Amino acid sequence: MFWITAVVGLVLASAPWLLGYADHVAARWAGVLLGLVVFVISISGLLAKPTRERWEYWAFALLTLGLIAAPVVLGYSNHTEPAWTAILLGGVLVMVNSVQLFRVRLG
């Protein structure tokens, strides 16, 4: 799971330049900062010993809420590319994290 979230973090951090909205300051910094935090937590999860209760899953849950709320809170919800990027990548994080949390709880 952590390798998927690491890729999502890198995509999120580089999306302002890949998708051409780097001129929108709030969207750029939200993407870069949240993307780098997701990437660092993912690397931490990859390097840590596997345990039943992982703090990374709960950190991803909080980051996902922030990521999905960022377009409205930071005022770029009317800009299509950054808003949908945040919502879609947030959705990917929700799905991956949910699957992993259920696997851990059931396993």
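Are any residues in segment 65-78 part of a helix (DSSP H, G or I) and either open to solvent by less than 20 Å² (accessible area, probe 1.4 Å) or not β-branched (Val, Ile, Thr) (or both), and if so, which ones? Those that are part of a helix (DSSP H, G or I) and either open to solvent by less than 20 Å² (accessible area, probe 1.4 Å) or not β-branched (Val, Ile, Thr) (or both): Leu65, Gly66, Leu67, Ala69, Ala70, Pro71. Just one of the listed residues (Ala61, Ala69, Ala86) is in contact with a Gly (Cβ under 8 Å, 6 or more places away or on another chain) and not polar (S, T, N, Q), and it is Ala86.
Pairs are defined by a Cβ separation below 7 Å, a sequence spacing of at least 6 or placement on different chains, a first member in segment 79-106 that is part of a helix (DSSP H, G or I) and modelled with pLDDT under 90, and a second member that is surrounded by fewer than 16 Cβ atoms within 10 Å (Cβ to Cβ) and not β-branched (Val, Ile, Thr); the pairs so defined are Asn97/Ala61; Val104/Arg52. Once segment 28-64 is narrowed to residues that are free of Cβ contacts under 8 Å to residues at least 40 places away in the same chain and among the polar types (S, T, N, Q), the residue that is most open to solvent (accessible area, probe 1.4 Å) is Thr51.
Residues of segment 1-27 that are within 14 Å of Phe60 (Cβ to Cβ) and buried (at least 18 other Cβ atoms within 10 Å of the Cβ): Met1, Phe2, Thr5, Ala6, Val8, Gly9, Leu12.
The values are calculated or read from the model by the stated rules, or taken from the named source; none is laboratory data. Keep in mind it's a predicted model, so treat the numbers as computed, not measured. Positions of Cβ are generated from backbone atoms using ideal geometry, with glycine treated the same way; all protein chains shown enter the neighbour counts. SASA here: full protein model, heavy atoms, side chains in, ligands and nucleic acids out. Shrake-Rupley method; radii C 1.70, N 1.55, O 1.52, S 1.80 Å.
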